[in-house]
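Remarks on the structure that follows.
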Amino acid sequence: MEGKAHYPVKLWTEVRQFIMIAIGAVIAAVGLELFLVPNNILDGGVIGLSIIAAKMTGMKLSLFIVLFNIPFLFIGYRKMGLRFVIHALFGVLVLSGVTAYLHHFEPFTDDLFLATIIGAVILGTGVGLVIRSGGVLDGTEVIAILVSRKKPVSVGQFIMMLNVFIFVLAAMLVFTWETAMYSIITYYIAYKMIDIVNEGLEELKSVTIISDRPDDIAGAIRERLHRGMTFLHGEGAFSGIPKKIIYIIVSRIELSTLREIVNDIDPKALVAIENMADVSGSNFRTKSH
């Protein structure tokens, strides 16, 4: 009975993911067909290769988006499972269909600078929504993840090297070096927008505080920041003395106040700060009072 009770929730979660992937793919298609492609500006990865192929052959961009993604999706199926491939294939098909539909519309602008900036923001927003929902629009990301597991190169480094090759190829075959440089700007802005969509505009910090006065610091934090926190119980490696360690998550804006609190109470306290991509659960968003 318990499993049946959870079934509608899981079904709605799956449906919601498909809806968000579709919305993201539509947004990405708008950025491509109404801003970037008409101005000979390309993105990296499979989309960039598809734009080059479409320009060289005169065939539709939507066709190459599907064709070039198929081998990557096959590899993804073998390495990452059927569910991932279904999400990815759905996103690719929606992107392909909407780009085909929008191909007949006039672009919003023929100004290269405006097309680069606005198109990149729209494209990055769409791709970010798809990734956040468990899909991909670019099969090269799958290869990048697999390569990074076996070679001393990060996913970002692999994608960057691949995209530099694509931009140079585009400049040599179909576009100019000027549009290739605009394409690099497009890629950078889109990459940043993907991060914003996935991680949020608010930068979160996890802070670990090791002090001889943890209770005083915790009380001041509750009073001034109205944040909850966790005590971790540790022990000094050399002294063997038990210690209460404070662990707290704050926003970037609150970080300076937290530093001030700690410094006022215990200037010798050790404060370790790390960036966080996301926080879910607990009551972080609604401050504890």
Test for F284: is it out of contact with any Phe, Trp or Tyr (no Cβ under 7 Å at 6 or more places or on another chain) and either at pLDDT 90 or above or open to solvent by less than 70 Å² (accessible area, probe 1.4 Å) (or both): yes
Per-region count, region 180-230, residues under 30 Å from T125 (Cα atoms), out of contact with any strand residue (DSSP E or B) (no Cβ under 9 Å at 6 or more places or on another chain) and charged (D, E, K, R): 2
Taking region 27-65 as the search range and keeping residues that are assigned to a loop (DSSP other than H, G, I, E, B) and of a type in the set (A, V, I, L, M, F, W, C), which one is most open to solvent (accessible area, probe 1.4 Å)? M59
Touching a residue at least 40 places away in the same chain (Cβ under 8 Å) and either open to solvent by 10 Å² or more (accessible area, probe 1.4 Å) or touching a helix residue (DSSP H, G or I) at 6+ places or on another chain (Cβ under 7 Å) (or both): which single residue out of I86, I118 fits that description? I118
Residues that are farther than 18 Å from V46 by Cα and of a type in the set (S, T, Y), at least 2 per element: which helices (runs of 4 or more DSSP H) completely within region 66-162 meet that? none
Which of the residues that make up region 246-277 are open to solvent by less than 30 Å² (accessible area, probe 1.4 Å) and not in a loop (DSSP other than H, G, I, E, B)? I246, I248, V250, S251, E254, L255, L258, I261, V262
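The values are calculated or read from the model by the stated rules, or taken from the named source; none is laboratory data. Only a predicted model underlies this, so the values are computations on that prediction, with no experimental measurement involved. Ideal geometry is used to build each Cβ from the backbone, glycine not excepted, and the neighbour counts take in all protein chains shown. SASA here: full protein model, heavy atoms, side chains in, ligands and nucleic acids out. Shrake-Rupley method; radii C 1.70, N 1.55, O 1.52, S 1.80 Å.
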